[in-house]
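The values are calculated or read from the model by the stated rules, or taken from the named source; none is laboratory data. Since the model is a prediction, treat every value here as computed from it, not as a measurement. All Cβ positions, even for glycine, are placed from backbone atoms using ideal geometry, and neighbour counts span all protein chains on display. We work out accessible area using only protein heavy atoms, side chains counted, and drop any ligands, DNA or RNA first. Shrake-Rupley method; radii C 1.70, N 1.55, O 1.52, S 1.80 Å.
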Amino acid sequence: MPAPSSAPPSSPAPELPVGPVLLLTTATQSFSTLGILVLAAIAPAAGRGLGVSPALIGYQVGLVFFGAMLSASAAGGIVMRFGAVRSSQLTLWLIAAGCAISALGSVHALIPGALAMGLGYGIPNPAASQLLARVPSKRGMNLLYSIKQTGVPVGGVLSGVLGPPLAVAFGWQAALGMAALLLTALGIAIGVVRKDWDTDRDPEAAVLASIRRSVSLVWKHEPLRWIALASLLYSGVQLSLTGFLATYLVADIHFDLVLAGTVLSITHASGAVGRISWGWLADRLRSGGLALIINGLIATLGALLAAAMSPAWPIAALIAAAALFGFCAVGWNGVYMAVLSRLSPAGTVSFAVGGSLVWTYAGVIVVPPAFSAMHDKLGVSYGTGFALLSIVSVLGVACVVMARRAVARLR
């Protein structure tokens, strides 16, 4: 969809400096993602320790994003009431608590741990969007949001680099403990700017009532509705890739856990490069929607390449296939956030982002658990599961096309 030349409407609160805002929001996103993905990076070791199939991670990911869907629906009200910085602290501390609970060493502890992580993870994007709406930059918003969104693959890289070695050396629970400590420390550190940056908060803002406002805003606004549905499908592909790649490489390609974690980290790093690259392309095309279509089509190819992987492939070819898939499947989010911000009616950016993320996280609730169920209950191989992700990606492209048509009709 052609992107208007103007940036998202700015808050009447004082403008904030671009650099520090990007640093805080990107760091918050990075550590939050580390917290929710570290278990995926150590799934084979955790599975052995708990006496369950590593594919169980698909259900754990689904629980995380069920919690995220709940908190995202209320995030607009949370951010308005407590401020974006305090809301970011809440994110970090909830995910830290979830990691600590999950490290207790029981399969049953994974349930409340995953829900606590999810309740935290639904908040950072609306909070970050509220802060970014107050920076003075009026150009290149796709790139600005994409830089912030590199926090997700950076967090994934950290999970792959730190998690497996800690799991091998000290046990899988040590990796979760490390994540909890890092998240807690960052939550304390960002508090130094809260007094100066949370000046636009409204202590009387409703939280629960904001759920209806956020959800209805997205559903009633046709372009927002279609782009949110596209995000449901794109996010399902993304989390299936990051949630199952390490296990796929260990189980079917016969990598050891550390090598599989390294490839997973390279995949996330490729996604970080992809986020900046797709943001740059969207600004050059002056169309975030067109960039999302191209992204989805290449991600379809990446899913098919991942499905074709075999132990006979050279390691370099395996890494290249995973990196291509990650470049697209992990790289779309910044452009998506910028499109949401541009499509949002004036003064509703945190509500539009929160309402749309309900659909984004619904994709994670549905697709990775379906992947797990097909593998564990139906005997579908990991490779076949990745092949099916190509269909999900194509459906996401179709939704973006519908969003572009809806924008054209409203003109």
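Is it the case that residue 7 is outside any helix (DSSP H, G or I) and modelled with pLDDT under 95?
Yes: the conditions hold for residue 7.
Considering only segment 389-411, how many residues are open to solvent by 70 Å² or more (accessible area, probe 1.4 Å) and not charged (D, E, K, R)?
Of the residues in that region, 4 qualify.
Only one of 206, 189, 175, 260 is under 23 Å from residue 126 (Cβ atoms) and either crowded, with 24+ Cβ neighbours inside 10 Å or at pLDDT 90 or above (or both). Can you tell me which?
Within the list 206, 189, 175, 260, the selection yields 189.
Looking at segment 312-320, is at least one residue out of contact with any helix residue (DSSP H, G or I) (no Cβ under 7 Å at 6 or more places or on another chain) and among the aromatic types (Phe, Trp, Tyr)?
yes
Taking only segment 101-113 into account, find how many residues are open to solvent by less than 50 Å² (accessible area, probe 1.4 Å) and either within 15 Å of residue 181 (Cα to Cα) or at pLDDT 95 or above (or both).
Selection size over segment 101-113: 3.
Find all pairs meeting these conditions: Cβ atoms under 7 angstrom apart; at least six residues apart or on different chains; first residue within segment 210-227 and at pLDDT 90 or above; second residue not in a helix (DSSP H, G or I).
Taking only residues 6 or more apart or on different chains, the pairs are 223/1.
Consider residue 330 carefully, then state whether it is open to solvent by less than 30 Å² (accessible area, probe 1.4 Å), over 25 Å from residue 30 (Cβ atoms) and touching a Leu at 6+ places or on another chain (Cβ under 8 Å).
Answer is no for this residue.
Look at residue 410 and say whether it is more than 28 Å from residue 262 (Cβ to Cβ) and without any contact (Cβ under 8 Å) to a residue 12 or more places away in the chain.
No: the conditions fail for residue 410.
Determine if segment 141-156 includes at least one residue that is surrounded by 24 or more Cβ atoms within 10 Å (Cβ to Cβ) and outside any helix (DSSP H, G or I).
Yes - at least one qualifying residue is present in segment 141-156.
Of all residues in segment 212-230, how many are open to solvent by less than 10 Å² (accessible area, probe 1.4 Å) and touching a Gly at 6+ places or on another chain (Cβ under 7 Å)?
3
When you check residue 52 against the structure, is it modelled with pLDDT under 85 and either part of a helix (DSSP H, G or I) or among the small types (Gly, Ala, Ser) (or both), yes or no?
Taking the combined requirement at face value, the residue does not satisfy it.
Within the set of pairs 6+ apart or on separate chains, which have a first residue in segment 372-390 that is farther than 20 Å from residue 60 by Cβ, a second that is assigned to a helix (DSSP H, G or I) and hydroxyl-bearing (Ser, Thr, Tyr), and C-beta atoms under 7 Å apart?
Listed by first residue and then by second, the contacts come to 390/300.
Name every residue in segment 114-140 that is β-branched (Val, Ile, Thr) and buried (at least 24 other Cβ atoms within 10 Å of the Cβ), in order of residue number.
123
Are there any pairs, at least 6 apart or on different chains, whose C-beta atoms fall under 8 Å, with the first in segment 307-330 and free of Cβ contacts under 8 Å to residues at least 24 places away in the same chain and the second open to solvent by 30 Å² or more (accessible area, probe 1.4 Å) and of a type outside the set (Val, Ile, Thr), and if so, which?
Here the result reads 321/305; 321/308; 321/313, each pair linking segment 307-330 to a residue that is open to solvent by 30 Å² or more (accessible area, probe 1.4 Å) and of a type outside the set (Val, Ile, Thr).
Got at least one residue in segment 84-100 being of a type in the set (Gly, Ala, Ser) and open to solvent by 10 Å² or more (accessible area, probe 1.4 Å)?
Yes, segment 84-100 has at least one match.
Only one of these is touching a residue at least 24 places away in the same chain (Cβ under 8 Å), more than 22 Å from residue 44 (Cβ to Cβ), open to solvent by 10 Å² or more (accessible area, probe 1.4 Å) and in a helix (DSSP H, G or I): 239, 292, 233. Name it.
Just one listed residue meets the conditions, 233.
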